[in-house]
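Input: a single structure, listed below in structure tokens.
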Number of protein chains: 4
Amino acid sequence: MATILLTGFAPFNQEKTNPSWQAVKQFEGKATQDGSQIHVAELPCEFGRANEVLINLIQQTKADTVICLGQAGGRPEISVERVAINIDDARIPDNAGIQPIDQPIQAVGQNAYFSSLPIKAIVHNLRQNNIPAQVSQTAGTFVCNHVFYGLMHYAETHHHIKRAGFIHIPYLPEQAVNHAGAPSMSLETLLNSIKITLEVCTKQGQDLALTGGSLD
Amino acid sequence: MATILLTGFAPFNQEKTNPSWQAVKQFEGKATQDGSQIHVAELPCEFGRANEVLINLIQQTKADTVICLGQAGGRPEISVERVAINIDDARIPDNAGIQPIDQPIQAVGQNAYFSSLPIKAIVHNLRQNNIPAQVSQTAGTFVCNHVFYGLMHYAETHHHIKRAGFIHIPYLPEQAVNHAGAPSMSLETLLNSIKITLEVCTKQGQDLALTGGSLD
Amino acid sequence: MATILLTGFAPFNQEKTNPSWQAVKQFEGKATQDGSQIHVAELPCEFGRANEVLINLIQQTKADTVICLGQAGGRPEISVERVAINIDDARIPDNAGIQPIDQPIQAVGQNAYFSSLPIKAIVHNLRQNNIPAQVSQTAGTFVCNHVFYGLMHYAETHHHIKRAGFIHIPYLPEQAVNHAGAPSMSLETLLNSIKITLEVCTKQGQDLALTGGSLD
Amino acid sequence: MATILLTGFAPFNQEKTNPSWQAVKQFEGKATQDGSQIHVAELPCEFGRANEVLINLIQQTKADTVICLGQAGGRPEISVERVAINIDDARIPDNAGIQPIDQPIQAVGQNAYFSSLPIKAIVHNLRQNNIPAQVSQTAGTFVCNHVFYGLMHYAETHHHIKRAGFIHIPYLPEQAVNHAGAPSMSLETLLNSIKITLEVCTKQGQDLALTGGSLD
């Protein structure tokens with residue numbers, strides 16, 4: 001049994017909603033099939049503060065499995081992120097008006113950290129359950145990557161965290177209505193994809209040796 | 001009150017399912033809010049025969065409103081088609097192995113017919129209900145356009161048909177799983193979009209004067 | 001030998017240049033291999049007036065071959081248009097501030113006209129010469145389609161016009177710089193594609209029976 | 001003055017050509033404006049061996065500036081890569097038939113290395129010269145990333161290398177002809193982009209503080 005922390009984000013970039021929090025909040029107080037308890041929280045879309053809130057939550061909940069979710073507007077599939085990089089480079093200001101350019105997230109951190117979620121098994125199980133999914137090789141350089149990196153940096157020196165990682169999700173249909181040509185995913189499918197991901201994370205030992213690579 | 005005929009297609013191009021029929025078949029025997037009766041049918045994905053089946057169905061059901069639906073794999077939104085053109089040009093063979101190139105559908109038909117559905121009102125109402133939708137300026141040159149053209153050609157000389165048109169829909173998630181990067185739409189959203197479309201078709205008089213144009 | 005009229009457009013939609021006129025203007029006073037004389041002109045990006053200017057030019061030059069070119073920002077390939085439809089539906093105002101919605105271009109015109117250029121042969125020859133090209137099933141509903149329709153409508157009743165049609169071309173690289181993620185085509189490639197198109201138009205008899213269709 | 005090593009790749013994934021080598025080979029024996037000598041080489045598209053060949057070339061040429069180029073089929077712009085990650089995950093076999101899945105490139109290497117090219121200045125100067133370009137946050141997980149990582153790993157412990165990095169380039173038009181809908185870039189534009197990149201690398205001190213970030 002695990003103690004699981006799931007996070008979503010506040011809306012950003014002029015959106016009125018964020019699919020990650022819309023989906024994650026519905027898991028409050030729930031448990032996985034093996035009895036793992038689920039905690040949920042919304043992170044602010046702010047450099048620095050998002051990570052402070054996240055670390056506090058990890059310490060309060062004593063979570064050993066942490067999965068952060070964020071919106072990837074324009075992507076058509078569930079994107080299970082592979083790697084977080086040690087850089088903030090913001091194309092737009094965050095919700096506090098901060099716009100760092102080429103700043104390291106941690107002065108003494110590693111250049112990058114790899115997800116410790118079973119990312120191939122998650123993608124495989126999502127597809128088996130008819131949900132479009134892929135491994136993603138970049139979480140960008142905005143607050144999503146910032147949180148993903150902060151999480152993995154913390155996990156490296158706090159060994160009570162067994163599994164941690166980041167998942168990007170598409171727009172909700174209600175958001176795509178305002179972005180001509182943008183793909184979307186229904187809330188039902190998002191909830192189902194989180195449920196499946198949690199089951200994989202509590203049951204899967206070593207990750208599956210399936211390709212999830214990209215040519216470029 | 002209207003008598004409505006809804007059609008979907010059989011699977012084609014190596015797909016195991018066709019979202020249009022998966023969605024349409026669930027409306028069998030149902031009625032709209034104003035009591036309009038709904039008939040449904042699956043059309044074969046075959047040049048020529050699809051139109052024979054369709055015309056027979058129209059005559060049997062005495063439908064005055066006919067909406068044909070088809071799969072547009074790769075499109076992210078509900079596409080309400082504006083115009084059918086008098087040409088068959090098949091990039092792949094149809095389900096009977098026929099692959100016409102630059103053949104007119106009707107030797108004496110008009111070059112094109114415009115949908116008589118309230119296409120702007122449909123798109124407007126879908127978006128109001130949080131469903132991504134757009135007017136589309138082309139239904140392609142395969143069996144979908146063939147059926148759309150055949151329908152409108154028949155409607156022009158059989159005035160008991162008050163409204164007729166064609167709507168393209170995205171892949172289901174279970175199909176997109178096999179097409180990396182392809183957008184999809186859940187069955188629930190598809191069903192909701194058809195329900196809204198039917199209500200608009202039975203209630204809307206003249207179409208709304210909203211832009212649904214494309215620059216190129 | 002033919003007399004050829006080539007047109008491009010003025011810039012629109014906040015662009016500083018229009019690749020169609022940048023390319024077309026370089027053919028002023030030139031001739032094809034068989035001695036056909038080439039005339040060029042820039043059309044205003046204005047509903048109504050563009051067609052007046054075009055018809056005047058056709059009458060002045062006594063052209064029997066007319067090819068209009070326009071910008072399709074976001075398309076990656078040369079798009080040889082198949083069909084013009086009898087509708088103006090403007091997503092943005094034209095350069096005179098006019099924004100028609102669902103207005104027929106000609107009250108008594110056909111619903112659509114097909115290009116009388118050898119569109120399949122043009123695409124085939126462009127590809128043979130290493131230039132990405134495709135048949136396109138829609139020229140949109142803005143001024144490009146308006147001119148294409150106006151041209152074909154005129155050609156139908158003025159039989160001195162033997163071949164007429166419309167070709168959409170991508171952004172120039174200098175334009176794509178301002179549109180993240182947009183494809184572009186170099187001026188050299190554009191010039192080469194027009195040269196090849198003109199040779200095909202003067203040499204090709206009946207069009208080739210090659211597929212140029214679209215599934216949706 | 002610098003000694004510059006430029007590399008391209010052999011064709012892969014059923015292509016007959018590789019735009020990176022087609023472009024790079026034309027710089028053999030040339031020099032930049034400040035007299036920096038340019039060496040060029042073609043790398044095999046093979047895990048392991050590509051890096052052996054590259055390291056040998058660096059040692060032979062005593063290059064202090066190394067820029068490796070590779071094909072990114074489907075990307076529309078020059079992609080100046082930001083980061084190489086320590087993983088091989090091949091979606092297809094390389095040219096020697098090898099297909100590693102989730103193998104670290106260096107058992108004791110860092111998780112990732114950042115390019116030491118002035119990536120923002122390169123993108124800025126390319127755009128100033130009308131060439132579409134962007135910073136890219138992922139070089140994939142195939143041989144391109146493998147070489148990029150191998151290069152940066154070597155550079156970290158061999159301080160005679162002052163600047164090193166990787167640039168992805170689009171298909172040539174002659175390749176895009178076989179990939180419907182794929183963007184391309186002309187050889188002239190590619191050559192111009194390399195020329196500009198080399199001038200920036202020899203003249204630019206510290207990189208420019210311009211955003212080149214991605215939201216996801």
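Structure notes:
- Segment D:3-203 - percent relative contact order, Cα under 8 Å, separation 6 or more: 28
- Cα-based reach from D:Lys16 at 18 Å (exclusive), listing lysines while leaving out same-chain residues under 8 positions away: D:Lys25
- For C:Lys120, a cut-off of 12 angstrom between C-alpha atoms picks up these aspartates and glutamates, skipping any fewer than 8 places away in its own chain: B:Asp89, B:Asp102, C:Glu81, C:Asp207.
- Taking 7 Å steps out from each Cα toward its Cβ at C:Gln59 and B:Asn13 produces label points 4.6 nm apart.
- Principal axes of segment B:134-216: Cα extent on each, largest first, Å: 44, 28, 28
- Charge tally in the Cβ shell below 10 Å around A:Asn145, where Lys, Arg are +1 and Asp, Glu are -1, A:Asn145 excluded: -4
- Distances in nm from D:Lys25 to the matching label points in the other copies, shortest first (labels 7 Å along Cα to Cβ): 3.8, 5.6, 6.0
- Shortest-first distances to equivalent copies, position D:Lys62, nm, label 7 Å out along Cβ: 6.3, 7.5, 9.7
- Chain B, closest residue to the rotation axis toward D, by beta-carbon, whole angstrom: B:Gly181, 6
- Footprinting exposure proxy for D:Met152, D:Met1 (fewest neighbouring C-beta atoms within 10 Å first): D:Met1, D:Met152
- Computed 3J(HN,Hα) for segment A:148-155, one whole-Hz value per residue from the Karplus formula 6.51 cos²θ - 1.76 cosθ + 1.60 where θ = phi - 60°, is 4, 5, x, 5, 6, 5, 5, 4, glycine and proline marked x.
- The Rg/Rh ratio for the protein assembly as shown, using Cα coordinates for both the radius of gyration and the Kirkwood hydrodynamic radius, is 0.99.
- Pairs of alpha carbons in chain D whose separation is greater than 22 Å (percent): 45
- Label points for B:Leu191 are taken 7 Å from Cα along Cα→Cβ. From this copy to the others they lie 1.4, 6.1, 6.2 nm apart, shortest first.
- Global form of segment B:19-78, assessed from the alpha-carbon gyration tensor, a/c cut-off 1.5: oblate
- Segment B:1-75 and segment A:159-216 have Cα centres spaced 34 Å apart.
All of the numbers you see were taken from the coordinates with simple rules; none came from a lab. What you are looking at is a predicted structure, and each value in this text was computed from that prediction instead of being measured. Positions of Cβ are backbone-derived with ideal geometry, glycine not excepted, and every protein chain shown enters the neighbour counts.
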